[in-house]
Each structure stands twice: as C-alpha cells, then as structure tokens.
1. Give me a count of the residues in region B:49-60 that are part of a loop (DSSP other than H, G, I, E, B) and crowded, with 23+ Cβ neighbours inside 10 Å.
2. Please return the ranges of helices (runs of 4 or more DSSP H) entirely within region B:61-176 where 1 or more residues are basic (Lys, Arg).
3. Just the residues that are surrounded by fewer than 24 Cβ atoms within 10 Å (Cβ to Cβ) and in contact with a strand residue (DSSP E or B) (Cβ under 9 Å, 6 or more places away or on another chain), please, taken from region B:10-20.
4. Of A:Leu50, A:Leu27, A:Leu38, A:Leu59, which residue is part of a helix (DSSP H, G or I) and touching a residue at least 24 places away in the same chain (Cβ under 8 Å)?
5. Could you please find all residues in region B:25-48 being within 7 Å of chain A (Cβ to nearest Cβ) and buried (at least 24 other Cβ atoms within 10 Å of the Cβ)?
6. Quick check, is A:Ile91 facing another protein chain (nearest Cβ under 7 Å) and under 25 Å from B:Val118 (Cβ atoms)?
7. Give the residues of region B:59-100 that are over 17 Å from the mean Cα position of the chain (by Cα) and at the interface with chain A (Cβ under 7 Å from one of its Cβ atoms), sorted by residue number.
8. Kindly indicate whether A:Ala127 is in contact with a Gly (Cβ under 8 Å, 6 or more places away or on another chain), over 21 Å from B:Val111 (Cβ atoms) and either at pLDDT below 95 or outside the structural domain of A:Leu65 (by TED's automatic domain parsing) (or both).
Amino acid sequence: MDAIPAAQTTKHVSPDVGELFTGFFVLGLTGFGGVLPLARHMMVEKRDWLSSAEFTDLLGLCQFLPGGNIINMSVAVGLKFRGIPGALASILGLIAVPTAVVIGLGVIYSQFANDPVVRHLFGGLAAAAAGLLISTAIKIAWPLRRDVLGLLIVTLGVLAIAVLRLPLLPTLLTLAPLSIFLRARQAS
Amino acid sequence: MTATLVTLALIFAELSLLAFGGGNTILPEMQRQVVDIHHWMSAQEFGALFALAQAAPGPNMMVVPLVGWHVAGFSGVLVTSLAKFGPSSLVTGFALQLWERFKDRPWRKTVQAGLVPVTAGLVTASAIVITHASASSWGTILIAAGVAIATTTTRIHPLLALAAGAVLGLTGIGQP
C-alpha cells in the first residue's frame, strides 16, 4: 500500500522572488473576467509550483479570509516560497498592469465623459457590467435554492444592504455569527 | 488633501477587512461611502468606474485604485491600493501559519458553510445596488437583463458580453 499519495511527496519547483513577480505579472496581464482558472493553470500545470491538492488547500484558506481570493492567494504563495519579499513581489506583480490599464481607461473616460457618443458607450458598458454581477449573484445563490436557513440569511443580507442601506460592519457582525450559529445547530 | 487621503485610507482599510467572500460583497458599502457619505461622485459615476474596472484585466477589485484616482489622483491610487490590499494581506499571512493546525477541525467546515449564504446575500445586494445605478433607462435595463440572462444560461466569455453591451450602448438606443 502506498503510504502517501504521490502528489504530496513530489518535489515541485520553488520559485524565487523574480519568478514570483513575473508569474503573477503575466496572470494580471491576461486574466480578463476572472483570474482563478488561469491562476490554477499557471501555478499547478505550467510552472509546477504547487500540487493540485496544495492549490485547493490554499484556495480554501483564501476563500475563508477577507479580500479577493486571488489577491490573498498571491500573498500566500509568495510567503510560502520566499517570505515577505516573495509576498510583495507576487501581489505587486499581480496588480501592476491592471492598475495601469484601469487608470488609463479612467483618464479616457473623464476626458470624454461629456461627449454623448462616449457617454452612451459607457452607459452600455456599465449596464453590461451590472448584468454580469446579476449573473454572478444568481450563480452563488443557486445552490442555496432549497436551503430555507440559507435563503433566510440571503434575504436578510439583501434587505439590510440593498434596501435599508445599512453599514456593512454591523450587518456582517450580526449576519455572520447568526448564520454560523444556525449551521452549527443544524449539524448537531 | 491630506484629510481626504486619510479618509480614503480609513474607508478602504475597513473594506479590506470586511471583504469576506471576495470583492463583490463590499461594493454597496464602497458606494455608500464614496457617493452617499462623502459625495465624491454620483452613483452613475460609481457605476461607470465599476464597469471600467470590469473591462480591465486582472483581479476584480480594480475599482479600488480607480476610485482613489478619481478622488485624489495618483496619491489616491497609492493610498487606496495600500489600504485595500494591505490589511487583508496581513491577515492572510497570519492565517497561513495557523491554517495547518485548524485544517481538519469540524468547526472550520461549519464556519465556512455559515459564510456561504452571507456572501450570497451580499453579492445579491451588490447586484441590486449596481444595477440600480447603471440601468436607469429602458435601453440600459435591456442590456443589463440581456447580459445577465446570456452569462447565466450560456458559457459566453464575460469580456464578450461587456463588449456587446458597449456596442449596443454606442447606438444610443433607449438612452437619454
């Protein structure tokens, strides 16, 4: 009998600070509309930094924490291999190009915001971005459709934030413990 | 100016630590702060900045430096980026060290399961708030609805959907 699965014993590539930066730089450059699938491809398949199991484990941690999954992931991977310089190289690599691009678009937008054609263009773009967000919300909420407790929490969250426009901090401090408490009671 | 930068830093540092379930959950609070409380921009402008950030490559929180730039130029970019990505990164660093110890504890699964509907509620609220700001004419409502249906029911690339929305918007049909 094999004592340990091969994935956990295989020695993977250990990137240095420069490789961490370039790896995440390329990711930031290419990741349109969701970086996560590309991140897995880069770290597991292409560059062999992590095993598939290690990637899933780190992702689990990052989903559990505040902040964007992929941003947290870059910090975690950088730290894991090269400590704090590695973490800085990874996150800076990841956000360098997107920040520059987004500011460039912002400059264009503010320059031509009063032109009716540009206004219409951005009106359509903004509406489409809203449509994408609706779709994301549906996909996240769909698995909960037969879960009465889950739907109760979803409804309370929507009421507090979208309808009553309550601040996020007290909403989160109420809803998260309530939801976890309900799960714990359900489990026991 | 310094007062504005300090305010930006405080807002985004708080958002950084509250962003459970990713960046989309904090959009309504971000909008509430920069539009309703500090009046740095209108809800429509916030919607436009969010759209720009969605059209750019990279992680989906690029609206953060954009808001910083809009409010306070390049120092705003620096301050909002540091404030948004710094605190959550520190938490990640500390959590990474504890992670191995708690990996197999049953309470971890319970907490994770409990956070799922909270995230779902916050993202749904984000969708409502952003749609309310960005789809105000019948033309833009149709675009938002069309994109929502297309990206939910098919595997169309999000960037293609955004491009289609921009082209439809360009015609000016149904927009003031």
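The values are calculated or read from the model by the stated rules, or taken from the named source; none is laboratory data. What you see is a predicted model, and the numbers here were worked out from it, not measured in a lab. In this analysis, Cβ positions are derived from the backbone assuming ideal geometry, glycine residues included, and neighbour counts consider all displayed protein chains.
1. Kept after step one, since they are part of a loop (DSSP other than H, G, I, E, B), are these residues of region B:49-60: B:56-60.
Subsequent filtering for residues that are crowded, with 23+ Cβ neighbours inside 10 Å retains B:56, B:58-60.
Within region B:49-60, residues that are part of a loop (DSSP other than H, G, I, E, B) and crowded, with 23+ Cβ neighbours inside 10 Å number 4.
2. Working: elements: B:63-102, B:106-134, B:138-153, B:158-170.
Filter on region B:61-176 gives B:63-102, B:106-134.
3. Restricting attention to region B:10-20, the residues satisfying the condition of being surrounded by fewer than 24 Cβ atoms within 10 Å (Cβ to Cβ) are B:10-11, B:13-14, B:17-18, B:20.
B:Leu17, B:Leu18, B:Phe20, listed by residue number.
4. Details: A:Leu50 fails: part of a helix (DSSP H, G or I); A:Leu38 fails: touching a residue at least 24 places away in the same chain (Cβ under 8 Å); A:Leu59 fails: touching a residue at least 24 places away in the same chain (Cβ under 8 Å).
Within the list A:Leu50, A:Leu27, A:Leu38, A:Leu59, the selection yields A:Leu27.
5. We begin by selecting, within region B:25-48, every residue within 7 Å of chain A (Cβ to nearest Cβ); these are B:26, B:28-29, B:32, B:47-48.
Those that are within 7 Å of chain A (Cβ to nearest Cβ) and buried (at least 24 other Cβ atoms within 10 Å of the Cβ): B:Ile26, B:Pro28, B:Glu29, B:Gly47, B:Ala48.
6. Working: facing another protein chain (nearest Cβ under 7 Å): yes; under 25 Å from B:Val118 (Cβ atoms): no.
Here the answer is no, as A:Ile91 does not meet what is asked.
7. The answer is B:Ser89, B:Val91, B:Thr92, B:Gly93, B:Ala95, B:Leu96, B:Trp99.
8. Numbers: in contact with a Gly (Cβ under 8 Å, 6 or more places away or on another chain): yes; over 21 Å from B:Val111 (Cβ atoms): yes; either at pLDDT below 95 or outside the structural domain of A:Leu65 (by TED's automatic domain parsing) (or both): yes.
Yes: the conditions hold for A:Ala127.
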